[in-house]
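Heads up, the thing below is written out as structure tokens.
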Amino acid sequence: MAVGAIGGSANAYALQAVRSAAGQAQLTPEQQQQVQQLKAIDQKVRAHEAAHMSAGAGLTSGASYQYTRGPDGKQYAVAGEVKIDVSPGQTPSQTLDKAKRIQAAALAPADPSSQDRAVAAQAAQMAMQAQQEMHRAKQGEGNGQDANAAIAAYVDQEPRPEPSLSLFA
């Protein structure tokens, strides 16, 4: 039974390939060139978003894409985005670690967009603030002050919806 299903699939793929080749033959040279350009854009957009998701694993959502239909009738991704969680951690140390991961995810593609660079800059600001909090807490320890008060003030913020930003291709 499994062999029949495989054979049927192979026949369907072969028929689809013949139809696709026939469709390519009917396209003008300009349309064929446009299809090649759309394929290249699609590949670049998908690789860009995959880089964000790989570097930001655990912080990023799946990619969403905007498509355009080529002269061959197929859909090609021409833009994409990945949402990334930019909420602070529970402690300054966690926030610092998270900010570094956000920055790495934002700058992961070979060609970061202006939105990617803006997210990376926001993450750098987040890291700097976390480092300042850690420094204040450390100074408080040296002065005999309760360092836990600084951390508690950081943690006991009112709950807010989880912020996220989009990284674009």
So A105, is it in contact with a helix residue (DSSP H, G or I) (Cβ under 7 Å, 6 or more places away or on another chain), within 23 Å of I41 (Cα to Cα) and assigned to a strand (DSSP E or B): no
Go through Q33, Q43, Q26 for me and flag whichever is free of Cβ contacts under 8 Å to residues at least 12 places away in the same chain, farther than 30 Å from K98 by Cβ and under 25 Å from the mean Cα position of the chain (by Cα). Q43
If you take the residues in the stretch 22-56 that are exposed (fewer than 10 other Cβ atoms within 10 Å of the Cβ) and hydrophobic (A, V, I, L, M, F, W, C), which one is modelled with the highest pLDDT? A25
Quick check: is even one residue across the stretch 45-52 of a type in the set (K, R) and under 20 Å from P109 (Cα atoms)? yes
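The values are calculated or read from the model by the stated rules, or taken from the named source; none is laboratory data. All values reported here derive from a predicted model rather than from experimental measurement. As a convention, Cβ positions derive from the backbone with ideal geometry for all residues, glycine included, and neighbour counts pool all protein chains shown.
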